[in-house]
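Read the structure below first, then the notes.
The values are calculated or read from the model by the stated rules, or taken from the named source; none is laboratory data. All values derive from a computational prediction rather than experimental measurement. Note: ideal-geometry Cβ built from the backbone for every residue, glycine included; neighbour counts use all protein chains shown.
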């Protein structure tokens with residue numbers, strides 16, 4: 001087992017190197033660079049551009065060097081834990097991301113918890129009562145949840161929250177608490193605002209989770225061991241939860257790896273629509289404006305979390321499900 | 001050293017002391033000045049001197065009654081919504097504290113400066129207000145100008161390309177002299193008419209810097225070990241980056257940087273809420289003895305630009321026009337009561353809300369040749385029904401016009417506005433027939449000289465549906481003159497690249513950025529002087545890069561425009577400049593290099609019902625005057641403040 005983990009960690013190194021090269025190449029592909037799109041943006045608004053300053057910044061950020069050189073400078077920085085500088089914000093990427101990570105984790109965590117709390121009971125109910133009215137009804141709701149675009153729902157909820165409860169539009173807290181140190185009043189304001197993003201982001205995830213639980217559980221419920229267990233008179237609860245449900249959860253444990261980067265990145269589009277102070281809008285904005293180091297370092301961070309998450313999933317699966325073998329040994 | 005400066009400074013104030021009596025409009029004694037309650041604690045704790053000592057000996061007195069506005073009271077926060085952390089610069093733009101600035105009637109008036117003199121168009125003597133101080137209380141003197149000129153503009157590490165372009169005449173820098181602590185002089189060998197307008201720009205030419213503060217980051221003045229420490233702790237590459245970062249005035253990010261603006265930044269980024277606090281040493285006062293600005297703070301809430309209109313409707317902004325579009329007007333109007341604001345409609349300052357730009361440097365040789373034929377350009381302009389566009393898209397609130405000056409500009413003439421803008425399909429058809437496009441296909445589409453059908457793709461930067469709507473109207477009318485257009489929205493960066501390379505035959509962009517020009521403002525937009533001029537990107541690039549890349553203009557009229565622009569750069573008097581401007585505008589009207597549609601369209605401005613003195617009508621333009629800047633937002637006040 002230890003050897004397996006060690007090997008997996010070694011494989012992570014070339015994987016991440018390859019990812020970094022890919023990330024950098026893709027970011028270099030669009031025409032122009034940050035400074036050109038910055039100038040274009042100013043001109044689009046009919047504003048002036050200080051060319052001398054742009055020249056200065058270009059030199060400072062090494063844009064007089066070739067892309068390959070810049071790649072290695074960036075990579076070298078990453079290895080030493082230096083995520084580089086954001087052009088857009090003119091500050092170190094780590095500070096920028098750091099300032100937003102707390103709220104991001106809070107929102108994501110609440111969302112994931114909500115997803116599970118709703119999805120599990122409903123999924124199990126749907127599977128055990130297949131083709132009943134309850135199943136159809138909940139399936140319909142679930143499909144609606146998948147079909148309604150998140151951002152639209154966000155806008156609608158935001159509007160009604162404002163009209164009915166007077167909650168200020170956008171942001172994760174009332175404007176007066178922005179940039180203030182954490183306090184009880186601020187925390188309450190955050191809770192007051194957080195339910196909209198949590199519901200909106202959680203909705204699609206909940207719906208698809210319900211479908212997955214239902215499908216996987218149905219597979220198991222039709223297997224012979226379940227029928228045997230029931231025939232033998234095992235307690236219905238045990239005949240459902242202890243065996244079929246457990247076996248149907250492989251997809252879920254396998255998915256835990258994906259949760260790790262998700263917690264950190266948040267739901268990007270919804271966060272933009274709602275003007276949340278999370279990392280999602282930061283990333284999208286950086287990609288749009290070709291703020292290379294911010295986008296690149298953040299993507300690398302996500303890549304690292306993904307690789308670690310997958311490793312955790314694999315290990316957890318191996319522990320939970322004795323049918324899974326670590327090495328490709330032939331079965332006797 | 002310090003002593004010497006102090007003594008000279010003393011002299012400078014002493015010399016100007018007699019002027020105080022002459023000025024006469026100042027309150028007679030300290031008793032008549034009214035202190036802002038916001039600063040009361042600091043004044044009582046003796047951390048701030050009284051108002052009389054904080055303002056210059058001769059402050060800029062704003063006579064509100066003469067401007068038909070009401071003198072106000074202190075207090076309150078003006079809240080604004082922004083869509084981007086870079087928008088912190090808007091406070092510097094709106095605040096519009098400049099060495100010299102444009103007033104409501106586009107006159108150039110000294111603002112931070114007490115006065116300035118121009119001799120022979122080439123010798124500029126600037127006089128600082130004696131006793132003027134930075135926001136930290138340190139005197140603002142000639143030393144701050146010297147520091148900029150010698151230690152920033154002429155430091156090859158800080159200014160890679162040398163002094164700013166507006167300070168070079170034929171590549172030659174001025175002779176800089178400090179005449180006394182409050183007077184500086186710049187002397188060029190030849191006239192430099194671009195200098196003063198550059199100081200008044202919404203994005204100003206900064207020729208001063210808070211030297212007392214910035215010296216700690218400058219290798220010439222700072223202690224090497226301390227500087228090294230600062231560079232490491234700020235995690236920047238070297239002292240130049242540190243100096244640049246700490247000293248940036250236009251888009252401030254350093255709350256410690258002393259400023260001369262009405263409100264100074266007090267929030268360190270990153271943040272989604274920026275607070276700008278009143279500058280206790282600001283140099284403007286009203287006639288009743290109150291120091292401006294009236295409002296204590298400006299608050300910028302940074303969110304998503306797409307949400308600004310919705311947030312404004314709930315009353316989350318006190319003064320908002322940025323990120324609000326004309327199509328939001330009805331929505332905002334319906335929310336007026338609930339949100340407690342009024343929606344005013346200002347005019348927009350572009351020469352044309354949307355202009356069609358035939359690319360004179362297009363790669364396609366056939367179209368390029370056609371575009372260079374003035375008959376074709378005129379025909380296309382004649383075949384646009386501007387009235388229909390104005391009525392259908394802008395509710396008739398715009399002005400049907402070529403891409404030229406607005407009536408508010410002293411350079412406006414009706415013949416420029418109406419040149420080739422009447423809707424006349426017959427004449428358009430005749431002109432195209434004459435231009436060698438007489439042969440038509442079965443469906444009425446003309447044949448190009450090389451046998452292709454006259455079909456072209458009009459590219460847009462894909463930023464607004466408004467452009468697509470206008471193009472749909474134009475398309476129908478152009479079909480009647482046998483030209484078929486297809487609209488293709490792309491992405492902004494890609495769009496510009498393609499225009500620069502000549503791959504785009506015709507593009508769409510807004511018209512002249514500054515359509516409120518006076519003869520003293522630079523006419524560079526009218527001549528091929530920049531690559532960003534999408535009707536002749538290669539000619540513009542040729543000038544911009546001093547002939548290294550691009551192509552020299554080969555149309556006589558375009559060459560003439562460039563000559564005229566260069567003549568303006570050499571001009572000595574306003575009269576001379578007006579003659580040059582008119583010739584350039586005339587060429588544009590006659591040659592139709594850009595095809596204008598409608599200008600003077602409306603910009604909704606949301607003003608809280610509590611906010612007094614915001615004009616009901618104005619022009620929304622970056623240049624001249626920095627959007628609200630020309631209307632002096634420091635004189636806006638809240639009617640319900642506690643004072």
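Within the range A:140-157, is even one residue in contact (Cβ under 8 Å) with a residue 24 or more places away in the chain, more than 25 Å from the chain's Cα centre (by Cα) and in the same structural domain as residue A:102 (by TED's automatic domain parsing)? Scanning the range A:140-157 turns up no residue that is in contact (Cβ under 8 Å) with a residue 24 or more places away in the chain, more than 25 Å from the chain's Cα centre (by Cα) and in the same structural domain as residue A:102 (by TED's automatic domain parsing). The set of residues in the range B:298-315 being under 19 Å from residue B:341 (Cα atoms) and more than 7 Å from every other protein chain (Cβ to nearest Cβ) consists of B:298, B:299, B:300, B:308, B:309, B:312, B:313, B:315. Quick one: which of B:282, B:274 is crowded, with 23+ Cβ neighbours inside 10 Å and within 11 Å of chain A (Cβ to nearest Cβ)? Exactly one residue qualifies, and that residue is B:274.
Every residue, every condition in (1) in contact with a strand residue (DSSP E or B) (Cβ under 7 Å, 6 or more places away or on another chain); (2) crowded, with 21+ Cβ neighbours inside 10 Å; (3) within 22 Å of residue B:76 (Cα to Cα), yes or no:
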site	(1), (2), (3)
B:278	yes, yes, yes
B:289	yes, no, yes
B:305	no, no, no
B:312	yes, yes, yes
B:315	yes, no, yes
B:324	yes, yes, no
B:328	yes, no, no
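Summed over the range B:141-175, the residues that are crowded, with 17+ Cβ neighbours inside 10 Å, out of contact with any strand residue (DSSP E or B) (no Cβ under 6 Å at 6 or more places or on another chain) and farther than 30 Å from residue A:61 by Cβ give a count of 3. Within the range B:106-124, being part of a loop (DSSP other than H, G, I, E, B) and under 16 Å from the mean Cα position of the chain (by Cα) holds for B:106, B:107.
Restricted to the range B:314-334, and to residues there that are over 14 Å from residue B:603 (Cα atoms) and at pLDDT below 90, the residue that is farthest from the chain's Cα centre (by Cα) is B:314.
Looking only at the range B:145-169, which residues are more than 11 Å from chain A (Cβ to nearest Cβ), over 16 Å from residue B:249 (Cβ atoms) and in contact with a helix residue (DSSP H, G or I) (Cβ under 8 Å, 6 or more places away or on another chain)?
To start, the set of residues in the range B:145-169 that are more than 11 Å from chain A (Cβ to nearest Cβ) comprises B:145-151, B:154-156, B:168-169.
Adding the requirement that they be over 16 Å from residue B:249 (Cβ atoms) leaves B:146, B:150, B:154-156, B:168-169.
Across the range B:145-169, the qualifying residues are B:146, B:169.
Scanning the range B:232-248 for residues that are crowded, with 19+ Cβ neighbours inside 10 Å and assigned to a loop (DSSP other than H, G, I, E, B) yields B:236, B:247. Within the set A:32, A:81, the sole residue that is in a loop (DSSP other than H, G, I, E, B), within 30 Å of residue B:533 (Cβ to Cβ) and within 14 Å of chain B (Cβ to nearest Cβ) turns out to be A:32. If the condition is being without any contact (Cβ under 8 Å) to a residue 60 or more places away in the chain, within 13 Å of another protein chain (Cβ to nearest Cβ) and under 27 Å from residue B:52 (Cβ atoms), then the range B:257-271 contributes only B:266.
Looking across the range B:460-475, the residues that are more than 14 Å from every other protein chain (Cβ to nearest Cβ) and in contact with a strand residue (DSSP E or B) (Cβ under 9 Å, 6 or more places away or on another chain) come down to B:468, B:470, B:471, B:472, B:474, B:475. If the condition is being within 9 Å of another protein chain (Cβ to nearest Cβ) and in contact (Cβ under 8 Å) with a residue 60 or more places away in the chain, then the range B:486-516 contributes B:509, B:510, B:513, B:514.
Each residue in the range A:159-199 was checked for being more than 9 Å from chain B (Cβ to nearest Cβ), in a loop (DSSP other than H, G, I, E, B) and closer than 23 Å to residue A:114 by Cβ, and 5 pass.
Entry remark, the range B:268-280: residues being part of a loop (DSSP other than H, G, I, E, B) and modelled with pLDDT under 90 number 5 in total.
Take the conditions part of a helix (DSSP H, G or I), within 26 Å of the chain's Cα centre (by Cα), at the interface with chain B (Cβ under 8 Å from one of its Cβ atoms) and on the phi < 0 side of the Ramachandran plot and apply them to residue A:96. Does it pass? Considered against the rule, which asks whether it is part of a helix (DSSP H, G or I), within 26 Å of the chain's Cα centre (by Cα), at the interface with chain B (Cβ under 8 Å from one of its Cβ atoms) and on the phi < 0 side of the Ramachandran plot, residue A:96 comes out as yes.
Results for (1) assigned by TED's automatic domain parsing to the domain that holds residue A:279; (2) part of a helix (DSSP H, G or I); (3) more than 23 Å from residue B:531 (Cβ to Cβ), shown as yes or no for each residue.
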position: A:40; (1), (2), (3): no, yes, no
position: A:52; (1), (2), (3): no, yes, no
position: A:57; (1), (2), (3): no, yes, no
position: A:65; (1), (2), (3): no, no, yes
position: A:68; (1), (2), (3): no, yes, yes
position: A:76; (1), (2), (3): no, yes, yes
position: A:104; (1), (2), (3): yes, yes, yes
position: A:107; (1), (2), (3): yes, yes, yes
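Filter the range B:202-229 for residues that are touching a helix residue (DSSP H, G or I) at 6+ places or on another chain (Cβ under 7 Å), more than 14 Å from chain A (Cβ to nearest Cβ) and either surrounded by fewer than 17 Cβ atoms within 10 Å (Cβ to Cβ) or assigned to a loop (DSSP other than H, G, I, E, B) (or both) and give the result. B:208, B:210, B:218, B:219, B:220, B:221, B:222, listed by residue number.
Condition first: in contact with a helix residue (DSSP H, G or I) (Cβ under 6 Å, 6 or more places away or on another chain), modelled with pLDDT of 80 or more and more than 14 Å from chain B (Cβ to nearest Cβ). Can you find one or more residues in the range A:64-71 that meet it? Scanning the range A:64-71 turns up at least one residue that is in contact with a helix residue (DSSP H, G or I) (Cβ under 6 Å, 6 or more places away or on another chain), modelled with pLDDT of 80 or more and more than 14 Å from chain B (Cβ to nearest Cβ). Among all positions in the range B:620-630, there is no residue which is away from every other protein chain (no Cβ under 14 Å) and more than 19 Å from the chain's Cα centre (by Cα).
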